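Let me begin by presenting the structure, written as C-alpha cells, before commenting on it.
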Amino acid sequence: MAFIGAKPTNVPLTSADLEDSIITSAKIVDGTIATADISDGAVTSVKTTGVGGANTPNFSAVNSGSQTVSHDTNTKCTVTSEIYDSDSSYDASNSKFTVPSGQAGKYTIIGSIDWDLQVNPNYIRIYKNGSEVIKAGWGSTGQSYIVATLDLAVNDYIELYCYQASGGSTGWGASDVYFSGYKIIE
C-alpha cells in the first residue's frame, strides 16, 4: 500500500477500535475460542439455559421390615422406608412412585431383592399402572435385580413386584429390598 507522507506507526488493534456488533458469530470459526480465552464469570446462567440439569424427580426406598412371599404368587414388595424423595412423589405407605404434574418423560427404575433363601426360580417385576411391564428372573440364587427405562406420563405409577417358586413360603428381612428411580435429563 502506498502512503502519502510518513508511514503510520504499526499499532495493535484493540477492542476499542471496533464498532459494536461488527464481529458476528458467522465470522468466528468453530473451535477458535478456547476455554482459557473466556474470563471467569463471563458466562452467566442466562447463557447456559438447557445445559446440565438435575435428574429429578427421583426417589429411593428400602423395606423397613421382613416380608413373606407365598409360593407361585405375584406379590407386591412393601418398600416403606424412604431414603430420599425429591418431589414427594413416592408414597411409602403404598410402596408406589407416581409421576408428578409437569414431569412426564423417560425414567430409569431400579429394584433389587436379597431373598432369605436361594429360590429357584425367582423373578422381580416392575408394574406400571397395575400391569407388569418388565420382569427379570434368576434360578438358584438369593438375589434378584432389575433396571428398566420407561416412558412415563403424568400420574403413571410404578410398583415393584416379585415371584418365587421354591415350593414353600420365603421372603426377606429388613433393608433387603431396594426400589429407586429418577427422571432422565433429555
Cβ-defined net charge surrounding Gly173, 14 Å radius [Lys, Arg +1; Asp, Glu -1]: -3
Let's see if you can work this out: charge +1 on each Lys and Arg Cβ, -1 on each Asp and Glu Cβ, no other charges. What is the dipole magnitude of the chain about its Cα centre, in debye to the nearest 20? 280
If I take every Cα pair under 8 Å that is 6 or more residues apart in the chain, average their sequence separation and divide by the length, what percent do I get for the relative contact order? 29
Can you tally the net charge around Gln164? Count Lys and Arg as +1, Asp and Glu as -1, for every other residue whose Cβ sits under 14 Å from the Cβ of Gln164. -1
The answer for the per residue Cα convex hull volume of the chain, in Å³, is 192
Taking a cut-off of 21 Å between Cα atoms, list the lysines near Lys76, but don't count ones fewer than 8 places away on the same chain. Lys96, Lys128, Lys135
Okay, which of region 151-178 sit inside 13 Å, backbone N to the point 7 Å along the Cα-Cβ direction of Ile134? 151-152, 159
So what's the gap between the Cα centers of region 89-123 and region 53-74, to the nearest angstrom? 5
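Where a number appears in this text, it was derived from the coordinates with a stated rule and is not lab data. Worth saying up front: this structure is predicted, and the values here are computed from it rather than measured. Cβ atoms come from the backbone with ideal geometry, glycine included; neighbour counts cover every protein chain shown.
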